[in-house]
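In what follows, a single structure is set out as structure tokens and then discussed.
The values are calculated or read from the model by the stated rules, or taken from the named source; none is laboratory data. Because the structure is a prediction, the values reported are computed rather than measured. Using ideal geometry, Cβ is built from the backbone for each residue, glycine included, and neighbour counts are taken over all protein chains shown.
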Amino acid sequence: MTSNSSLLIHRDISWLSFNYRVLQEAKDPAVPLFERIKFLAIYSSNLDEFFKVRMANHRNLLRVGKKTKRELDISPKLIVREIQLIVNKQQEEFGKIFERQIIPELKKHNIHILRRLDLNEEQRQYVENYFKEHMLPYVQPVLLIKNKIRPFLNNGALYLSILMKAKDTPNGPREYAIVKIPSDHLPRFVALPSPPNRHDIIILDDIVRHSVSWMFPGYHIIDTFSIKLTRDAELYIDDEFSGDLIQKIKESLSRRHVGPASRFVYDRDMPAQLLTFLKDSFGLDKFDILREGRYHNNFDFFRFPDFGMHHLKNPPMPPLPYAPLEDATDFFSAIRKSDHLIHVPYQSYEPVVRFLKKPCATPK
């Protein structure tokens with residue numbers, strides 16, 4: 001997407017190319033496995049912040065009047081549409097990297113991410129006990145009724161949307177509900193009882209999937225699909241030069257969690273009927289909606305368990321000491337003799353800390 005001059009690339013389109021470079025590291029077989037998983041997390045974390053701030057700004061430009069839009073160099077609608085196309089394509093690639101490269105590589109090292117239908121009897125019992133003992137207070141099941149019940153979706157929180165039918169009217173209409181996935185209270189990856197030399201994991205979302213029938217005992221569960229809403233988290237300060245700026249920032253920060261939608265992501269396998277219902281229920285439009293895979297908030301891969309397999313990570317590279325300053329008995333005499341250039345992070349930052357501490361401890 002270029003500007004009217006056809007010479008410049010819009011900065012946010014360019015930023016998506018930068019973030020795609022991060023994603024490319026996740027599919028590079030020369031990168032250690034756990035580092036590739038970390039790159040998935042970095043890509044996802046970057047993209048989340050992009051939609052909270054940068055995309056939110058474009059969404060606001062869509063709402064301005066025609067006169068203001070005519071004064072803009074580039075149509076906000078074209079930018080938003082281009083961003084959606086790029087992100088959708090990247091998300092499809094993200095899913096392929098995870099499903100076709102990362103998961104098979106994990107299996108080679110006896111690390112298995114299981115879904116609820118993969119569990120043996122011992123693991124199934126463990127999951128059910130885990131749900132009752134740790135998750136039950138947080139799941140917050142809500143039955144959705146069009147034009148009557150519209151629950152507030154927390155910013156960045158994970159939910160499971162549920163497609164179901166009442167047991168007493170099997171030929172009746174389909175009904176819908178949502179359940180919160182409590183990843184803000186519990187670890188996203190739960191280790192399961194496993195045989196020796198094998199590590200089985202289940203993702204928290206799938207524990208909720210396994211347990212939804214208990215939360216809606218009068219219904220037959222047809223299927224479940226994960227969703228997430230990202231809200232506008234930009235800091236809007238009309239005038240930073242008058243009044244108490246710190247107080248204005250505090251007030252703006254407090255509104256970040258209740259701002260308008262900037263992205264609604266959903267499982268790409270979700271049927272159109274359910275997506276339409278959710279779109280109408282939460283007051284979303286086509287520019288808010290983006291397809292993703294089975295799981296969202298993939299920045300949780302930062303906390304993926306390593307089971308002590310340090311050979312699947314980059315070897316530690318502690319910074320090198322900068323001897324001319326770190327070993328100097330008279331720090332400031334060493335500075336007077338010559339200039340010093342420290343290459344961070346390859347060399348230690350300690351001389352800078354010492355530079356700040358030394359005067360603080362000197363009365364003069």
Of the criteria (1) of a type outside the set (S, T, N, Q); (2) surrounded by 13 or more Cβ atoms within 10 Å (Cβ to Cβ); (3) modelled with pLDDT of 90 or more, which one L153 fails
(3)
Determine if region 79-98 includes at least one residue that is surrounded by 13 or more Cβ atoms within 10 Å (Cβ to Cβ), at pLDDT below 95 and farther than 30 Å from F287 by Cβ.
no
What strands (runs of 3 or more DSSP E) completely inside region 188-254 contain at least 1 residues that are closer than 30 Å to K167 by Cα and either in contact with a Phe, Trp or Tyr (Cβ under 6 Å, 6 or more places away or on another chain) or modelled with pLDDT of 90 or more (or both)?
199-203, 219-231
Within region 13-28, restricting to residues that are of a type outside the set (S, T, N, Q) and farther than 21 Å from N314 by Cβ, the one that is modelled with the lowest pLDDT is I13
So for region 187-202 (the condition being in the same structural domain as I103 (by TED's automatic domain parsing), of a type in the set (D, E, K, R), touching a Lys or Arg at 6+ places or on another chain (Cβ under 9 Å) and under 19 Å from D300 (Cα atoms)), does at least one residue qualify?
yes
Tell me whether region 134-142 contains one or more residues that are in contact with a strand residue (DSSP E or B) (Cβ under 7 Å, 6 or more places away or on another chain), hydrophobic (A, V, I, L, M, F, W, C) and either at negative phi or not assigned by TED's automatic domain parsing to the domain that holds D223 (or both).
yes
Any residue that is outside any loop (DSSP other than H, G, I, E, B) and either without any contact (Cβ under 8 Å) to a residue 12 or more places away in the chain or hydroxyl-bearing (S, T, Y) (or both) - is there at least one of those in region 281-288?
yes
Quick one: which residue in Q84, Q125 is under 21 Å from the mean Cα position of the chain (by Cα), polar (S, T, N, Q) and in a helix (DSSP H, G or I)?
Q84
Report yes if F301 is touching a helix residue (DSSP H, G or I) at 6+ places or on another chain (Cβ under 6 Å), of a type outside the set (D, E), closer than 30 Å to R231 by Cα and modelled with pLDDT of 90 or more, otherwise no.
yes
